[in-house]
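Comments concern the structure below.
The values are calculated or read from the model by the stated rules, or taken from the named source; none is laboratory data. Please read all numbers here as calculations on a predicted model, not as lab measurements. Note that we place each Cβ from the backbone using ideal geometry, even for glycine, and neighbour counts take in every protein chain shown. Please note that ligands, DNA and RNA were not included when accessible areas were found on the heavy atoms of the full protein model with its side chains. Shrake-Rupley method; radii C 1.70, N 1.55, O 1.52, S 1.80 Å.
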Amino acid sequence: MAPKLNLFGWWGKETPQGTPVIVKMENPSFSVVEIGGADAAFKPVEKSRLRNAKQVRWILLLKANRAAGFLTWLAAAAWGLLAAVRKRRGAAAATEKLGKGKLMLRVIKLLLFAALAALALEAAAHFKGLRYLEKGMFQSIYAAWLELRRRYIAPFVQSLSMLCVALFMIQSLDRLILFLGCFYIKIKKIKPTIIENSFHSHDARDHPMVLVQIPMCKEREVYEMSISAVCQLDWPKDRFLIQVLDDSDDEVIQCMIKNEVSRWRERGVNIVYRHRLVRTGYKAGNLNSAMSCDYVKDYEFVAIFDADFQPAPDFLKLTVPHFEGKPEVGLVQTRWAFVNKDENLLTRLQNINLCFHFEVEQQVNGAFLNFFGFNGTAGVWRIKALEDSGGWLDRTTVEDMDIAVRAHLNGWSFIYLNDVKVLCEVPESFETYRKQQHRWHSGPMQLFRLCLPAVLKSKISIWKKANLIFLFFLLRKLILPFYSFTLFCIVLPITMFIPEAELPMWIICYVPVLMTVINIFPAPKSLPFIAPYLLFENTMSVTKFSAMVSGLFQLGSSYEWIVTKKAGRSSETDLLATADRDTKALIESDVSLLEEGKGKGVKKTNKIYRKELALAFLLLTAAVRSLLSAHGLHFYFLLFQGFTFLLVGLDLIGEQMS
């Protein structure tokens, strides 16, 4: 049945002027006069009627002129958008190379074409009306569409929507429980405690031997900051060794890092430079190669920092004591803080996500389960726990999660320190962030396939097995991207054309807003970004869903490892001032040689992301259909979500990549 909304009926209506007054005379021989305005009683009735007709005609002409102007502006905007898309199509091939999601793109395009066809049918039925086409071809086509929709499409869409809603509620309940657990920790002031130790004594022999590793690959922007920060750790110089593990294949960058290591060695710091001849296994292979050195057996703990991490001088004194008297503890993980969280909108939205991850997920899991996923950096491992768990493996792109799961299965417990923060960076461009998220969401599915038999055969308790399988992997790594993409990007726009499967208001608005508020709780200053965060997370579900499928089915893109590009934001203004002037001059000369060898800089350009653009048009098409049906809140959600997909698809968020 065609929708009944009359959008344009108010055009021809006149607004009454003044207050209508009924004047009735006592003498019955006089007639009743209705005064519609201040001077209506003093003008002939016929002339007044002629004037009203002219006013209606002029109002209609004015409205038609405005409508024509709006359509002209809309056509110009659409033409400009298409021109921008054509201009950026050259870079699109490189962006689609990451996910290789051609099948996914084709499905979205198919849904878009079907939505456009359905919109055309519904619009024709709305504006023309079936009563004028009782015996025409249009009525037959429209009736066939209604029958197809009722018999076959609506039951499937309704079943899919019910499944997604059920998964959404389960995941929301899990997030609410995590939030309440974090609130309980805050109220009870639960924190990891340490046993009295002698680490603060002046005798260096009371301090355990600590190995510090800095794995890096082509980190020209940040290598100096990370090495400088680690070399200033407050620990006896003869009780810790720094390994700079450089996987760069650029000789100029290797020379720069070697010079930096030599400069700190001359200052008395125990630091070595290692470069692999055979670069296999990415970061896991780099760490595993470093652990095979003969001198590692003299050390008890190993601290790991990625190249953009800048630990405070007291980092080791705040973390290593938590191992004292606790032989079952294998890992102490600290929190990340971000030097560039206010750089642009993209970094602000990432800060919201990561604050919830560390403040809520990691802290609650550490306090109540003694297990969480290792974040790959800013943590200290007991070397015996690494060796007992099989060491670093390069079988997935999430070697940090891999070693954490294997250590947990071997009975090791973890400690999370929310009060100890290590400064680092978040990606400032969408292209870099997208690649990072693809690796972070494809790797866990690879790992789940590989470690599931080991989890089932392990000797840990049934509760820990259930937590590992259903909560850690399935709910938070598989179900979350599945329902987020399917429900808000596919099912919701489809239901605009399938009224039988329409989603209730609380699924579209109330529950997502509540979950978003919970997410922003650890970062209260980000409250003004609640709406952009909600829309952007739904937009990122495309990348996360594609990565999840890639990892689950072992597609080629799940094995790609791309180093996250850093900008080199410093945590302290005087961090580089510690370098000698002559060494700085040498580094600057090396950089100039590097620039000369590579020629002129590449101009920064935008890229396009086809899946996001296709979904933008699908959502906007559904928004038009929702407008015809007067769905209210559904229309606004689809409209803003569609524009968000459009901005992301045209790479208009974050810094531009060169």
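Conditions tested, residue by residue: (1) crowded, with 18+ Cβ neighbours inside 10 Å; (2) touching a helix residue (DSSP H, G or I) at 6+ places or on another chain (Cβ under 7 Å); (3) more than 30 Å from Ile195 (Cβ to Cβ).
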position: Glu224; (1), (2), (3): yes, yes, yes
position: Ile227; (1), (2), (3): yes, yes, yes
position: Arg239; (1), (2), (3): no, yes, no
position: Asp250; (1), (2), (3): no, no, yes
position: Arg265; (1), (2), (3): no, no, yes
position: Gly268; (1), (2), (3): no, yes, yes
position: Tyr273; (1), (2), (3): yes, yes, yes
position: Thr280; (1), (2), (3): no, no, yes
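Residues in segment 297-306: is at least one under 33 Å from the mean Cα position of the chain (by Cα) and farther than 30 Å from Asn340 by Cα? No, that holds for no residue. With respect to the stated conditions, Lys317 fails to be open to solvent by 40 Å² or more (accessible area, probe 1.4 Å) and without any contact (Cβ under 8 Å) to a residue 12 or more places away in the chain. All conditions but one from (1) over 29 Å from the mean Cα position of the chain (by Cα); (2) in a loop (DSSP other than H, G, I, E, B) apply to Arg205; the one that does not is (2). Is it true that Tyr559 is modelled with pLDDT of 95 or more and either out of contact with any Phe, Trp or Tyr (no Cβ under 9 Å at 6 or more places or on another chain) or closer than 20 Å to Phe358 by Cα (or both)? No; evaluated as a whole, the condition is false for this residue.
Quick one: is Ile177 touching a helix residue (DSSP H, G or I) at 6+ places or on another chain (Cβ under 8 Å) and part of a helix (DSSP H, G or I)?
Details: touching a helix residue (DSSP H, G or I) at 6+ places or on another chain (Cβ under 8 Å): no; part of a helix (DSSP H, G or I): yes.
When the stated conditions are applied, Ile177 does not pass them.
Does segment 493-513 include one or more residues that are open to solvent by 30 Å² or more (accessible area, probe 1.4 Å), free of Cβ contacts under 8 Å to residues at least 40 places away in the same chain and under 24 Å from Leu646 (Cα atoms)? Checked segment 493-513: at least one residue is open to solvent by 30 Å² or more (accessible area, probe 1.4 Å), free of Cβ contacts under 8 Å to residues at least 40 places away in the same chain and under 24 Å from Leu646 (Cα atoms). Kindly establish whether Glu224 is in contact (Cβ under 8 Å) with a residue 60 or more places away in the chain, farther than 19 Å from Ile383 by Cβ and not hydrophobic (A, V, I, L, M, F, W, C). Judged against the criteria, Glu224 is a match.
If you check Phe156, Phe183, which single one turns out to be free of Cβ contacts under 8 Å to residues at least 12 places away in the same chain, assigned to a helix (DSSP H, G or I), out of contact with any strand residue (DSSP E or B) (no Cβ under 8 Å at 6 or more places or on another chain) and surrounded by 13 or more Cβ atoms within 10 Å (Cβ to Cβ)?
On the way: Phe156 fails: surrounded by 13 or more Cβ atoms within 10 Å (Cβ to Cβ).
None of the other options fit; the residue is Phe183.
Looking for whichever is out of contact with any helix residue (DSSP H, G or I) (no Cβ under 6 Å at 6 or more places or on another chain), hydrophobic (A, V, I, L, M, F, W, C) and at pLDDT 95 or above here; the options are Trp392, Trp381. Which one fits?
Trp381
Taking the numbered list (1) within 24 Å of Asp419 (Cβ to Cβ); (2) assigned to a helix (DSSP H, G or I); (3) not acidic (Asp, Glu) in turn, Leu233 passes all entries but (2). All of (1) part of a helix (DSSP H, G or I); (2) over 24 Å from Cys355 (Cα atoms) hold for Phe497 with one exception: (1). Tell me whether segment 540-562 contains one or more residues that are more than 30 Å from Met216 (Cα to Cα) and surrounded by 17 or more Cβ atoms within 10 Å (Cβ to Cβ). No, every residue in segment 540-562 fails to be more than 30 Å from Met216 (Cα to Cα) and surrounded by 17 or more Cβ atoms within 10 Å (Cβ to Cβ). Among the conditions (1) touching a strand residue (DSSP E or B) at 6+ places or on another chain (Cβ under 9 Å); (2) β-branched (Val, Ile, Thr); (3) open to solvent by less than 30 Å² (accessible area, probe 1.4 Å), Val339 misses just one, which is (3).
Identify all residues within segment 314-357 that are within 19 Å of Leu211 (Cβ to Cβ), polar (S, T, N, Q) and assigned to a helix (DSSP H, G or I); write none if there are none. Within segment 314-357, Thr319 is the sole residue that qualifies.
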